[in-house]
Amino acid sequence: MKSLIALLISTMLAGAAHAATPNPTPDDVKAAHDLLASMQAEKMMRMTAGMSKYASPEQRKQVMDKVINLQPEFVYTRLATPVAKLLSKDTALEMTRFYQSSYGKKVLHDTYNSSAQMYPSAPKPTPAEQAELKKPAYIKADQEFKANESAIHHETFVLLKEIISSK
């Protein structure tokens, strides 16, 4: 019951954070696709599947087998349109650039490969990386991305449910 309430609250909050792009253009979708590829969204899908609750260990194994066998391109393509509705093209392009940078790759590695932490911390940027993080374009994109991050995770969960229910 608590998880259902938390999901409803996060969905409502995510709905309030949308960038309001109800009809994304093909360029918007491509920018979102490239962002998902740069942030290795297939790993986000695996994390979502791993954190979900299952009726039995066998069901968990079946789901994880399905998710592990997904082609990364499938995840990027299926999530691109919903993410393009959440983020502006400029944000998707700027965050793609960030995740392709040396610091962005460290952040991704830490996100997907670190053990459970009570207080997760980001890697320490070098002075050059710190200067990049202070640019107005990045600051604006990061704020929009963080405002929509829970909605992006929700879209990942929706896709996971579709994959689970497909035979």
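Within the range 86-97, the residues that satisfy the criterion of being more than 14 Å from the chain's Cα centre (by Cα) and either in contact (Cβ under 8 Å) with a residue 60 or more places away in the chain or surrounded by fewer than 16 Cβ atoms within 10 Å (Cβ to Cβ) (or both) are Ser88, Lys89, Asp90, Leu93. Of the residues making up the range 135-165, those that are open to solvent by 60 Å² or more (accessible area, probe 1.4 Å) and closer than 17 Å to Pro82 by Cα are Lys146, Glu149, His153, Phe157, Lys161, Glu162. All of (1) at pLDDT 95 or above; (2) open to solvent by less than 70 Å² (accessible area, probe 1.4 Å) hold for Thr21 with one exception: (1).
Entry remark, the range 69-81: residues being closer than 25 Å to Ala147 by Cβ and open to solvent by 30 Å² or more (accessible area, probe 1.4 Å) number 3 in total. Pull up the range 37-68, narrow it to residues that are under 26 Å from Ala84 (Cβ atoms) and polar (S, T, N, Q), then point me to the one that is surrounded by the fewest Cβ atoms within 10 Å (Cβ to Cβ). Checked the range 37-68; the qualifying residue surrounded by the fewest Cβ atoms within 10 Å (Cβ to Cβ) is Ser52.
Could you tell me whether the range 104-126 includes any residue that is within 21 Å of His33 (Cα to Cα) and touching an Asp or Glu at 6+ places or on another chain (Cβ under 6 Å)? Taking every residue of the range 104-126 in turn, none turns out to be within 21 Å of His33 (Cα to Cα) and touching an Asp or Glu at 6+ places or on another chain (Cβ under 6 Å).
For the structure I just gave you, tell me whether Val83 is of a type in the set (Val, Ile, Thr) and free of Cβ contacts under 8 Å to residues at least 40 places away in the same chain. Answer is no for this residue.
The values are calculated or read from the model by the stated rules, or taken from the named source; none is laboratory data. Quantities reported herein were computed from a predicted structural model and do not represent experimental measurements. Note that each Cβ is placed from the backbone with ideal geometry, even for glycine, and that neighbours are counted across all protein chains shown. For accessibility, only protein heavy atoms count, side chains too; no ligands or nucleic acids. Shrake-Rupley method; radii C 1.70, N 1.55, O 1.52, S 1.80 Å.
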